[in-house]
Amino acid sequence: MVKIIAFDLDGTLYDKHKHIDEDTIHKIIDFEQKGIVVGIVTGRFYEELGEVIEKIKLREYNGFVASSNGLEIHDFLDGEIRRFSRLSKDEVKEAKKHHLVSYVWQNGGYTMFGVSILDVVKKIFSLIPLDLHYIKSLQKTKFEKDVVLNEALYDKVCFVGFQIKKMYLEYRFYDVGKFGTELCKKDVGKLEAIRYICQKKQVSIFDVMAFGDHGNDVDLLASCGYGVAIKNGSAQAKKAAKYISDYANNEQGVLRFINSFFV
């Protein structure tokens, strides 16, 4: 029996324009009204999620958000915020040694560091679709040739278009599609976040339905009772999932799967 539904955003609940269609919003709210706990489990930072929290009424219906690949959990039932391990400045600075296009979230926006602006632009536009969303994101991004870090701790470090092969026992590396790889501390994961939510709400992980599309969803899709990969998802996400939607995120893949499953 499904008691919790967790949605990834990019490539899953979001379409290519980073929107959720009204039919899907109405269906999610219908679940909430029936007592199913709904949450967002995403690689995005919490500061980016205000609009989606409001649209699907997570506060009103006591849902939750697990941001930064599960590092930070906001449970709207009791207002609790739970954080797992974050990266120190020194750990973030190690990214420069890889000579990659690297970026972090600080001061309410993204900062890319360690490369020239020209190198960044060339790399990004060789990897991502040239649409308005990405152009706007790039316009808001700060560029630093040297590593200028203003925060004491960081959720993650992101590497554009590159998968790091070397293993570091104290870290996890998540393949997140066209943007490449994200580095987090080893206790940070969407599965760990959902396990924490399940423990709080006394719900079995087997009563969780989760939707996802990429490497940071794999453990959760494989371990929950109803792991659903979207049609446009990566091969590893589809392999881990128990179900695969017949439709992509741009085709209401989440909604159509839900409508066929809950009959």
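The values are calculated or read from the model by the stated rules, or taken from the named source; none is laboratory data. Fair warning: this is a prediction, and the values are worked out from it, not measured in the lab. When we count neighbours, we look across all protein chains shown, and the Cβ atoms used for this are built from the backbone with ideal geometry, even at glycine.
Yes or no, residue by residue, for (1) under 18 Å from Ile5 (Cα atoms); (2) not basic (Lys, Arg):
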residue: Ile25; (1), (2): yes, yes
residue: Phe31; (1), (2): yes, yes
residue: Lys34; (1), (2): yes, no
residue: Glu51; (1), (2): no, yes
residue: Leu58; (1), (2): yes, yes
residue: Phe64; (1), (2): yes, yes
residue: Arg82; (1), (2): no, no
residue: Tyr103; (1), (2): no, yes
Search result, residues across region 217-236 that are within 23 Å of Ile36 (Cβ to Cβ) and assigned to a helix (DSSP H, G or I): Asp217, Asp219, Leu220, Leu221, Ala222, Ser223
Tally of residues being buried (at least 22 other Cβ atoms within 10 Å of the Cβ) and either in contact (Cβ under 8 Å) with a residue 40 or more places away in the chain or over 24 Å from Val157 (Cα atoms) (or both) across region 25-51: 5
Total residues in region 1-52, condition aromatic (Phe, Trp, Tyr) and in a helix (DSSP H, G or I): 2
All positions within region 1-16 that are surrounded by fewer than 23 Cβ atoms within 10 Å (Cβ to Cβ) and among the charged types (D, E, K, R): Lys3, Asp10, Asp15, Lys16
Matching option when the condition is farther than 19 Å from Asn250 by Cβ, of a type in the set (A, V, I, L, M, F, W, C) and at pLDDT below 95, among Val37, Val41, Val65, Val92: Val92
Inter-residue pairs, beta-carbon under 7 Å, first under 15 Å from Gly39 (Cα atoms) and in region 197-216, second basic (Lys, Arg), 6+ apart: Val203/Lys3; Ile205/Arg195; Asp207/Lys3
Qualifying residues in region 219-263 (those that are surrounded by 24 or more Cβ atoms within 10 Å (Cβ to Cβ) and aliphatic (A, V, I, L, M)) - the one nearest to Gly11 (Cα to Cα): Ile230
Selection from region 244-263 of residues that are out of contact with any Phe, Trp or Tyr (no Cβ under 7 Å at 6 or more places or on another chain) and not in a helix (DSSP H, G or I): Ile244, Asp246, Tyr247, Ala248, Gln252, Phe262, Val263
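Rundown of residues vs (1) touching a Phe, Trp or Tyr at 6+ places or on another chain (Cβ under 6 Å); (2) outside the structural domain of Lys16 (by TED's automatic domain parsing); (3) closer than 30 Å to Glu80 by Cα, yes/no style:
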position	(1), (2), (3)
Ala152	no, yes, yes
Asp175	no, yes, yes
Val203	no, no, yes
Gly215	yes, no, yes
Leu220	no, no, yes
Gly227	no, no, yes
Any hit, region 173-183, residues being buried (at least 17 other Cβ atoms within 10 Å of the Cβ), modelled with pLDDT of 95 or more and either of a type in the set (Phe, Trp, Tyr) or at positive phi (or both): no
